[in-house]
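See below for the structure under consideration.
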Amino acid sequence: MIWVTVAMLMALLALSIPIAAALAALGLSLDYIYSWMPLRLALGEMSWGVSTDFILFAIPLFVLLGELLLRSGIAERMYAAMSQWLSWLPGGLMHSNIGTCTLFAAVSGSSVATAATIGTVAVGEIERHGYNERLFLGTIAAGGTLGILIPPSIVMIVYGALTETSIPQLYLAGIIPGLVLALLFMATVVIACLARPGWGGDKIAVSWSMRWRTLPDLVPPLLIFVVVIGSIYTGLATPTESAALGVLMAMALAVWKRRMSWSMLRESCEGTMRTTGMIMLILIAATFLSFVVTSVGIGQQVTQMITESGLTPVQTMWMIVGLYLVLGMFMESLSMMIATVPIITPVVIGMGYDPVWFGVLMMLLLETALVTPPVGLNLFIVQGVRPRGQIRDVMIGSLPFVVTLLAMIVLLMLVPDLALWLPRIAS
Amino acid sequence: MDRILDLAHRLARYGAWAGGALVIFAAGVIGLDVVVRKLFVLSFGGAAELSGYVLAISSSWALALALLDRAHIRIDSLYVHLPVRICAALDVLGLMVMLAFAGLLTWHGWHVFFQSFRLGSRAVTAIATPLEYPQFLWLVGLAYFALVTALLLLRAAHALLTGDVATVQRIAGSRTGQQDLEEELENARRRAELAEGRP
C-alpha cells in the first residue's frame, strides 16, 4: 500500500499535474482502491472546515503584509542603512544583502517575498561595484530563505496547523537558529572573500555621520516586528490577530511614506489573493489526502515499517533528513511539506522528538529545498529580478550557502537546544 | 472564445479585489477587537468567526484568478526537459485533473450549502450566523473556478488539436518552465525557417 501510494504520487508529480489536483487525485484513488466506505463524501464539510480555520486566516494577512511592505519603499531605505553598517566586512554589500534579508524576514512571513524584495533593490549594485556576480546572487537567494525561519512565518503557521503544534512556541524556537544561520551565511561570505579578495567588490563610502543618519530607517521594520511578535508574547493577541495588527501597521506606514494609492492597493490585493488561493487549494487537497491516508491505515504502516527496520531514532532522523534533501531538489518546498508532514510528523513524535524542534528542522530543510537545483523557488526568483544572464550563475553562487545550510542542519541535530532553549525559558 | 476568457479573467480580477477588500476589512475588525479587549476588558466577539468566513469566501473567489495567471504550483523537473508538444499535452492533462477536482469540490460544496439551507443551520457561536449565506458566497467561488477551468480546458484542448502549441503554452503552460519553453520554441521556429530557406 505504501509503495503504490508513493509510486502514484511520483507519477502524478512527474506529469506536472498541479499539486493541489495531484494530491486530490491521489486521495480519491486511494479512497476507491483501499477504503471500504466512500471517504470522499466528507470532502465538502472538510473543505469548508479548512477554509474557515481562523489560524489559517494568518496566511492572507501575512501575504498582504509582505505585498504592502514591498510597495511601501522601506526595503530601499533598509538596504541603504544596512550597507552603511555592514559593508566594511570582507565581501562588502553582500553582508548588507544578508543583513537586510534577516531584518526583512522579521516582518515578512515568506522566503520568496524576502528574496524578491531584497533582490530587486540589490541587483543593480553588482556591476556598479564590481562584485563576483555569482556569489552576490547566492547571498540574495540564500539570505531570502531566512524569511520562513525567522518569525513571523507563513510556513510555520501551516506546519503548526497541520501538526497541531503551538505557533507561538514555533516562532520563539525559530529566532536563535535564524540569527545563527544569518551569521553563518555572513561567515561564508567572509571566508570566500578572504580566499579570493577579487570577489568582494569596491569599497563603499561609509561614515559615522551617515550611519547615524540612516539608523532611523531601520525603525519601521523593527517596530512592526515588535508589534507582531510582541503582541503574541504579552498575551495581547493570538498569532492570527498579531498578523492583522501587522497589516494595519504596514498600511499606516504606506500612508505615512505617501506610497498608498488605489492602484497600489489593488495590486497588493491581487497578489495576495492569487497566492492565498493557490495555498488554500493545496491545503484543502492535502487535508483530504491525509484524512484518507490515515483512514486506510497507511500512516500506521509507515510507523510499523520504521519500527521493524530496527533503526535507532537518531538513524531514522538522519534518514528523514536525507529524504527531504533529495525531495527538496525536485519539489516546491511548501507543497513538499504539506504533502509529507501529516505522515512523517506522527512517526517523528512517536520516536520521542519534540514537534517544535522538528518544525524548526523542517524550516531548515525547506530553506535548503528553496536553493537546491534543479527546482528551487528562490533561485528562480533571483533569476527573475536580474536584467539578463543564465540561471546557472544563481545556482552555482548558491552552492556555498547550501553547504552552510547543511552545516546548520547538523548543528541543530546535535544541539537541539538552539531551538528549544527560548521556548523553554519563556514558558 | 478568447474574448470569453478575457472576460473571465477580468471578472476573476474583480473577485480578487473584492476578496482583498474583505481581508483588509477583517484585519480592521480584528485590530479593533484586540484594542477594545485590552482597553475595556470586554470582547464584542465574532471577529474570529467572521475572519473564517472571509478566508473561505475570498480564497474561493481567488481560485480562478490563480488558475488564469498560472499560479497553481506544478512540479516541472521533468516537464522542462520534454519536447514542446508533450508539454502541451501535459498542460491539457493537468487542466483535466484540475477540472475533475474543481467539479468535485463544487459538487460537495453544493451539498454543504444545500444542507444548511434546507435545515436552516446556524453556527454554534454567540452570533449564530445562518451558515447558508457565507456558504453560498463560498460556493459561488468554487463554481466559478470550475467554470473557468472548463473554459480554459476547452480552449487549450482546441489549440492542442489544431497544433497551436504556442497558445497552449501561453494560457496553460507551467510558469517556471516558461523561459526554457520560449527558447525552445524560438529554436524550433529558427530551424523551420532554415529548413524552408533551403533549396
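Within the range A:214-224, which residues are open to solvent by less than 50 Å² (accessible area, probe 1.4 Å) and within 23 Å of the chain's Cα centre (by Cα)?
Initial filter on the range A:214-224 (open to solvent by less than 50 Å² (accessible area, probe 1.4 Å)): A:214, A:217-218, A:220-221, A:224.
Across the range A:214-224, the qualifying residues are A:LEU218, A:PRO220, A:PRO221, A:ILE224.
For the range A:22-48, enumerate the residues that are facing another protein chain (nearest Cβ under 10 Å) and open to solvent by 10 Å² or more (accessible area, probe 1.4 Å).
A:ALA25, A:LEU28, A:ARG40, A:LEU41, A:ALA42, A:GLU45, A:MET46, A:TRP48 - these are the residues of the range A:22-48 that are facing another protein chain (nearest Cβ under 10 Å) and open to solvent by 10 Å² or more (accessible area, probe 1.4 Å).
Yes/no per residue for (1) surrounded by fewer than 18 Cβ atoms within 10 Å (Cβ to Cβ); (2) farther than 23 Å from B:LEU105 by Cβ; (3) more than 7 Å from chain B (Cβ to nearest Cβ):
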| position | (1), (2), (3) |
| --- | --- |
| A:THR238 | no, yes, yes |
| A:TRP262 | yes, yes, yes |
| A:ARG266 | yes, yes, no |
| A:GLY277 | no, no, no |
| A:LEU281 | no, no, no |
| A:SER290 | no, no, yes |
| A:THR307 | yes, yes, yes |
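Given the criteria more than 10 Å from every other protein chain (Cβ to nearest Cβ), touching an Asp or Glu at 6+ places or on another chain (Cβ under 9 Å) and buried (at least 19 other Cβ atoms within 10 Å of the Cβ), does A:ILE232 qualify? Outline the logic, then answer.
Details: more than 10 Å from every other protein chain (Cβ to nearest Cβ): yes; touching an Asp or Glu at 6+ places or on another chain (Cβ under 9 Å): yes; buried (at least 19 other Cβ atoms within 10 Å of the Cβ): yes.
Criteria met by A:ILE232.
Can you pull out every residue in the range A:104-130 that is farther than 28 Å from A:MET362 by Cα, touching a Leu at 6+ places or on another chain (Cβ under 9 Å) and either crowded, with 24+ Cβ neighbours inside 10 Å or of a type in the set (A, V, I, L, M) (or both)? First the steps, then the outcome.
We begin by selecting, within the range A:104-130, every residue farther than 28 Å from A:MET362 by Cα; these are A:121-130.
So of that shortlist, the ones also touching a Leu at 6+ places or on another chain (Cβ under 9 Å) come out as A:122-123, A:125-126, A:129.
Of everything in the range A:104-130, those that are farther than 28 Å from A:MET362 by Cα, touching a Leu at 6+ places or on another chain (Cβ under 9 Å) and either crowded, with 24+ Cβ neighbours inside 10 Å or of a type in the set (A, V, I, L, M) (or both) turn out to be A:ALA122, A:VAL123, A:ILE126.
Suppose we filter B:ALA66, B:ALA26, B:ALA21 for residues that are under 28 Å from B:LEU151 (Cα atoms), in a helix (DSSP H, G or I) and modelled with pLDDT of 95 or more; which single one remains?
Values: B:ALA66 fails: modelled with pLDDT of 95 or more; B:ALA26 fails: under 28 Å from B:LEU151 (Cα atoms).
Every option except B:ALA21 fails the conditions.
To keep it simple, each residue is scored yes or no on (1) basic (Lys, Arg); (2) touching a residue at least 60 places away in the same chain (Cβ under 8 Å); (3) surrounded by fewer than 21 Cβ atoms within 10 Å (Cβ to Cβ); (4) within 25 Å of A:ALA286 (Cα to Cα).
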site	(1), (2), (3), (4)
B:ARG85	yes, yes, yes, no
B:ALA88	no, yes, no, no
B:ASP91	no, yes, no, yes
B:MET96	no, no, yes, yes
B:PHE113	no, no, no, yes
B:ARG118	yes, no, yes, no
B:PHE136	no, no, yes, yes
B:LEU142	no, yes, no, yes
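Residues to consider are B:LEU32, B:LEU11; find the one that is more than 7 Å from chain A (Cβ to nearest Cβ), in contact (Cβ under 8 Å) with a residue 60 or more places away in the chain and surrounded by fewer than 19 Cβ atoms within 10 Å (Cβ to Cβ).
Details: B:LEU32 fails: in contact (Cβ under 8 Å) with a residue 60 or more places away in the chain.
One residue alone meets the criteria, B:LEU11.
Go through the range B:101-127 and give me each residue that's within 9 Å of chain A (Cβ to nearest Cβ), in contact with a helix residue (DSSP H, G or I) (Cβ under 7 Å, 6 or more places away or on another chain) and either among the hydrophobic types (A, V, I, L, M, F, W, C) or closer than 14 Å to A:ILE17 by Cβ (or both). Steps first, answer last, please.
Quick first cut of the range B:101-127, residues within 9 Å of chain A (Cβ to nearest Cβ) only: B:101-102, B:104-105, B:107-113, B:115.
From the residues that got through so far, the ones that are in contact with a helix residue (DSSP H, G or I) (Cβ under 7 Å, 6 or more places away or on another chain) too are B:101-102, B:104-105, B:108-113.
Those that are within 9 Å of chain A (Cβ to nearest Cβ), in contact with a helix residue (DSSP H, G or I) (Cβ under 7 Å, 6 or more places away or on another chain) and either among the hydrophobic types (A, V, I, L, M, F, W, C) or closer than 14 Å to A:ILE17 by Cβ (or both): B:PHE101, B:ALA102, B:LEU104, B:LEU105, B:TRP110, B:VAL112, B:PHE113.
May I ask you to list the residues in the range B:35-49 that are in contact (Cβ under 8 Å) with a residue 60 or more places away in the chain and in a helix (DSSP H, G or I)?
Within the range B:35-49, the first condition is being in contact (Cβ under 8 Å) with a residue 60 or more places away in the chain, and the residues that meet it are B:45-46, B:49.
Across the range B:35-49, the qualifying residue is only B:GLU49.
Residues checked against (1) within 20 Å of the chain's Cα centre (by Cα); (2) free of Cβ contacts under 8 Å to residues at least 24 places away in the same chain; (3) assigned to a helix (DSSP H, G or I); (4) within 23 Å of A:LEU65 (Cα to Cα):
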residue: A:ALA237; (1), (2), (3), (4): no, yes, no, yes
residue: A:LEU248; (1), (2), (3), (4): no, yes, yes, yes
residue: A:LEU265; (1), (2), (3), (4): no, yes, yes, yes
residue: A:MET273; (1), (2), (3), (4): yes, no, yes, yes
residue: A:ALA285; (1), (2), (3), (4): no, no, yes, no
residue: A:VAL302; (1), (2), (3), (4): no, no, yes, no
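Could you tell me how many of the residues in the range A:8-21 are free of Cβ contacts under 8 Å to residues at least 40 places away in the same chain, in a helix (DSSP H, G or I) and either within 7 Å of chain B (Cβ to nearest Cβ) or acidic (Asp, Glu) (or both)?
At the first step, the residues of the range A:8-21 found to be free of Cβ contacts under 8 Å to residues at least 40 places away in the same chain are A:8, A:10-12, A:14-18.
Next, only the ones that are in a helix (DSSP H, G or I) stay: A:8, A:10-12, A:14.
Within this subset, residues satisfying the condition of being either within 7 Å of chain B (Cβ to nearest Cβ) or acidic (Asp, Glu) (or both) are A:14.
Looking only at that region, the number is 1.
I'd like to check something: does the range A:386-405 contain any residue that is more than 16 Å from the chain's Cα centre (by Cα), outside any helix (DSSP H, G or I) and at positive phi?
yes
For the range A:127-148, state whether one or more residues are within 23 Å of A:CYS269 (Cβ to Cβ) and of a type in the set (Gly, Ala, Ser).
There is at least one residue in the range A:127-148 that is within 23 Å of A:CYS269 (Cβ to Cβ) and of a type in the set (Gly, Ala, Ser).
The values are calculated or read from the model by the stated rules, or taken from the named source; none is laboratory data. All of these numbers come straight from a predicted model, not from anything done at the bench. Cβ atoms come from the backbone with ideal geometry, glycine included; neighbour counts cover every protein chain shown. Quick note on the areas: whole protein, heavy atoms, side chains included, nothing else; ligands and nucleic acids left out. Shrake-Rupley method; radii C 1.70, N 1.55, O 1.52, S 1.80 Å.
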